[in-house]
Amino acid sequence: MQTSKQVQSLPAYLFSVFHKKKVALMAQGIDVIDLGIGAPDLPTPPFIIDTLAEEARKPENHKYSPYGGCLEFKSAVVAFYKNHYEVELNIDSEVLALIGSKEGIAHLIRAVLNPGDGVLTPDPGYPVYQSAIHLAHGATVRFPLDEENGYVPKFDHISDRDIDRSKMMLLNYPNNPTGGTVGIETFEEAVRFAKKHKLSLIHDAAYDLVTFKDYQAPSLMQVPGAKQRSVEFGSLSKSFNMSGWRIGYVVGNQELIRALSVVKSNMDTSQFLPIQKAAAKALQSDFSSVRSNNLTYEQRIDMMMDALADMNISATKPRGTFFVWAKVPEGYTSQGFAEKMLDEAGIIITPGTAFGQNGEGYFRISLSVPIERLHEATLRMKKAMKGG
Ligand SMILES: *Cc1c(COP(=O)(O)O)cnc(C)c1O
């Protein structure tokens with residue numbers, strides 16, 4: 001059978017490749033510790049599950065949801081932006097419920113691009129961007145996120161040629177995979193840049209609430225004028241441990257949101273109402289469950305930072321996300337080091353190159369593993385490093 005050229009030429013989704021490797025090793029009886037997965041290990045808070053169970057028993061919730069999401073969920077998103085960021089949103093035109101933000105990002109790209117249009121995309125960056133652009137017959141136009149610049153784009157280093165071939169720009173803070181975070185001034189610069197070059201600006205805020213100490217991640221929507229050409233994607237997957245529930249949202253520019261809703265209304269009929277209503281409860285909560293998660297991640301990060309320092313591996317402690325982005329030791333490539341860790345320590349780490357060529361020389365450790373397992377992982381890593 002002949003599938004489409006776009007599907008045939010799509011690189012295998014990174015995490016499914018790792019999953020296959022892991023399954024094969026575990027079948028051999030090897031106790032693999034997977035520090036590669038980007039989803040929380042912690043359970044969904046009970047108040048959210050209780051709401052789901054209650055709502056699931058109501059027959060009126062068994063029907064199709066309105067295309068753009070139900071009123072309860074959309075109002076919760078509007079209230080969240082008001083309370084958290086002091087941003088006003090029009091519930092009818094500036095908010096849409098999504099079946100996870102990944103779905104929304106992929107469909108928005110499809111809704112905006114014509115064949116050959118470029119998308120300025122961070123390198124390293126979340127691999128879904130590249131695949132979604134490819135499936136939409138677009139071109140990924142990479143710009144680097146470098147350690148020396150705190151993983152913030154150097155807007156004035158992006159070439160005219162790259163700007164001219166692009167229609168959109170993607171940003172993601174707190175950043176996966178680097179853990180990079182920004183202040184509002186980076187978003188101000190991004191909005192100016194997008195306006196000057198007539199680009200649509202897409203901010204993926206999947207880790208908006210996964211932050212440590214007194215750092216609070218800003219919203220792109222806080223920049224005056226941002227709504228003229230930008231949207232921001234949010235997700236409950238990471239902040240409320242709801243990755244399997246598939247619920248997220250997009251807010252911002254009306255035209256972009258309308259285009260996305262046209263694509264979506266022809267492909268899906270939004271999320272199961274009880275899930276939307278449970279997610280609304282989460283967004284209306286006092287966020288104590290989020291703070292408690294963040295404390296857990298921070299303890300794990302501190303432990304990993306100490307262990308990395310012991311091994312002379314350089315890494316900056318992140319202010320957000322549950323990832324540590326670290327430098328591979330002298331003499332290794334990212335791939336070589338990841339293979340050594342798998343073969344000699346039974347640990348899956350993600351080579352930086354899985355997120356783009358500019359990730360060479362780095363690896364990503366995901367802290368979504370219980371602290372005892374993480375401790376075991378650090379012991380095994382140290383042993384493998386001593387072995388040379
Ligand atoms: C996990 C993740 C997402 C996807 O989140 P869902 O809402 O579960 O689809 C999007 N962007 C980044 C950077 C992520 O790490």
Compactness summary of the stretch 256-321: radius of gyration and Dmax from Cα atoms, Å, are 19.8, 54
Helix 273-283 sits at what angle to the longest principal axis of the chain, using alpha carbons and giving 0 to 90 degrees rounded to 10? 70
Carbon-plus-sulfur fraction of the accessible area of the stretch 1-158, 1.4 Å probe, in percent? 56
Of Pro318, Met1, Tyr297, which is farthest on the positive side of the dipole of the chain, counting Cα position, with +1 on Lys and Arg Cβ, -1 on Asp and Glu Cβ, and the Cα centre as origin? Met1
Would you please put 174-183, 363-372 in order of how densely packed they are, using the mean number of other Cβ atoms within 10 angstrom per residue and starting with the highest? 174-183, 363-372
Nearest 10 degrees, 0 to 90: helix 254-265 Cα axis against the chain principal axis: 80
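Hey, what did the stretch 51-204 get for relative contact order, percent, Cα under 8 Å, at least 6 apart?
17
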State which entries of Lys5/Lys340; Lys5/Lys167; Lys5/Lys264; Lys22/Lys238 exceed 29 angstrom in Cα-Cα distance in the structure shown. Lys5/Lys340
Relative compactness, the stretch 201-345, computed as alpha-carbon Rg over 2.2 N^0.38 Å: 1.32
Provide, as a two-decimal number, the C-alpha radius of gyration of the chain over 2.2 N^0.38 Å, N being how many residues it has. 0.98
Leaving ligands, DNA and RNA out of it, report the carbon-plus-sulfur percent of the accessible area of the stretch 165-213 at a 1.4 Å probe. 49
Rounded to whole Å², per residue accessible area for the chain with a 1.4 Å probe reads 44
Where both partners of a DSSP beta bridge lie in the chain, what percent of those bridges are antiparallel, to the nearest 5? 45
Checked the stretch 25-182 with the C-alpha gyration tensor, a ≥ b ≥ c its square-rooted eigenvalues, rounded below a/c of 1.5, otherwise prolate if a/b is larger than b/c and oblate if not; verdict oblate
State to the nearest 20 debye the size of the charge dipole of the chain about its Cα centre, where the only charges are +1 on K and R beta carbons and -1 on D and E beta carbons. 740
Report, to the nearest 10°, how far helix 101-112 tilts away from the longest principal axis of the Cα atoms in the chain, using its own Cα long axis and a range of 0 to 90°. 60
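The values are calculated or read from the model by the stated rules, or taken from the named source; none is laboratory data. Predicted, not measured: the structure shown is a model, and the values here were computed from it. Please note: Cβ atoms are built from the backbone with ideal geometry, for glycine as well, and neighbour counts cover all protein chains shown. Just the protein is used for accessible areas: all its heavy atoms, side chains included, with ligands, DNA and RNA removed. Shrake-Rupley method; radii C 1.70, N 1.55, O 1.52, S 1.80 Å.
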